[in-house]
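Beneath this line is the structure, given in structure tokens, with notes to follow.
The values are calculated or read from the model by the stated rules, or taken from the named source; none is laboratory data. What you see is a predicted model; the values in this text were computed from it and never measured. Every residue, glycine as well, gets a Cβ built from its backbone with ideal geometry; the counts of neighbours run over all protein chains shown. What goes into the accessible areas is simple: the full protein's heavy atoms, side chains included, and nothing from ligands, DNA or RNA. Shrake-Rupley method; radii C 1.70, N 1.55, O 1.52, S 1.80 Å.
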Amino acid sequence: MRVLVISCNTGEGHNAAGRAVYENLTDRGIEAEFVNMMALMGDKVDRAVSGTYVKSTRIPFVFHTIYRIGGAVSRLLYNMHVKSPVYLANRKCCGKLGDYIEEKEFDVVVTPHLFCAETLTALKRSGRLKAKTMAICTDYTSIPFWEETELDYYVIPHEDLCEEFIKKGIPKEKLLPYGIPVMKAFRTKMSREKACTIINSRENIHLDTRKRTYLVMSGSMGFGKVELLTVNLIRYYGDRVNVVIICGNNEKLRRRLNFLFSGHKNVIICGFTKQVALYMDACDVLFTKPGGLSGTEAAVKNIPIVHTNPIPGCETKNAEFFSQRGMSCSCTKIKEQLQAARQLCRDETARNQMLESQRTYIFPGTCDRIVEKIMEISEVP
């Protein structure tokens, strides 16, 4: 059996979900590849697609407007049985992706990204695709244009979302409410003290294990009011806590934070890191924007979450899903975020209730279920 996992570089969440499946496949000795679809089209196309996405997320109003228009257009065109501009744009990738799949003779193709799902749909409609296909939805809602794709299966984050996906046009029999896959580093837990010790050794920094640690994550693109949140943390706590900030790929944000907090030894600024799971183990509370993947990783780690300002659109739905089920505190104002974090540190009952809710609604074994399904469908003639 040969499996292709394809994604696009528009935010690290999609890639992380794809890599989680790829990791599980290879750990089982299954032959698999992980590919950035846009890279098959050339570096210029890849940079243009990822760059456009990053620019849109940096201006929340623009992203929200695009998302809302996309939702309206998606519903209208779906009812008219007309394919969207999103489909038509991604159909242009058919030649390169189709050739790659045929050359490598993949049995199953898995994607955590809508763009790739659109291309796979076009390949299926043209009769070029014999491999079985599976989509992985990485937000706690059905985002616009999923309904115009025609893959064999759709892994969705929770059974509570089945009705929403069915109403949008995805057949019930294609839905697999397995959860969102996370890499195995997030499925294990170590003590806070041990995690701090390892970080201090690996990263050449100093996390004081006698102090509480607040972890601030702004997503791979460095989104949100990170400076303002950190200023208020320092104003309230001074040097009595550790503040660790992960800026992702936003180098400008990292430099700005280094300048602002250079005099505070208890404020640690990180760029893109592969040690997120370790930093989660080391923290007492996580402040993070409500990305579907990052929220799932934190909930699988089973740590208290304070959701900060979302990128309007699907992240708003993610925040609602988590907060309505008691898996996080969702606050848009800095003052409320700080109050929520203090309560989670001081009130053991509130903290334990949140952690229990995470264990109830989030599935650590998602990757195993996905790979087992891949193995099953690959054997079907």
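Brief remarks follow.
- At full extension, residue 352 and residue 126 could sit 76.1 nm farther apart than now, given 0.36 nm per residue minus the alpha carbon distance.
- Protein-only accessible surface order, largest first, of 22, 87 at 1.4 Å: 22, 87
- For segment 267-307, a Kirkwood radius taken over Cα pairs fed into Stokes-Einstein (37 °C, viscosity 0.692 mPa s) yields D = 307 µm²/s.
- In order along segment 271-286, phi translates into HN-Hα couplings of x, 5, 9, 8, 9, 4, 4, 5, 5, 5, 4, 7, 9, 8, 9, 10 Hz, rounded to whole numbers, per the Karplus curve 6.51 cos²θ - 1.76 cosθ + 1.60 with θ = phi - 60° and x for Gly and Pro.
- Diffusion coefficient (Stokes-Einstein, Kirkwood radius over C-alpha pairs, 10 °C, 1.306 mPa s) for the chain: 74 µm²/s, rounded to a whole number.
- Local charge for residue 378 was computed over the other residues whose Cβ lies under 13 Å away, with Lys and Arg +1 and Asp and Glu -1, and equals -2.
- The residues neighbouring residue 339, those whose beta-carbon lies less than 12 Å from its own, together hold a net charge of +2 under the Lys/Arg +1, Asp/Glu -1 convention.
- Diffusion of segment 222-338 by Stokes-Einstein, at 4 °C in a medium of 1.567 mPa s and with Rh set to the Kirkwood radius over alpha-carbon pairs, works out to 88 µm²/s.
- Eigenvalues of the alpha-carbon gyration tensor of segment 169-209, scaled by 5 and square-rooted, set the equivalent ellipsoid semi-axes at 40, 10, 8 angstrom, largest first.
- Rounded to the nearest 20 debye, the dipole size of the chain about its Cα centre is 1320 debye, using +1 on the Cβ of Lys and Arg and -1 on the Cβ of Asp and Glu.
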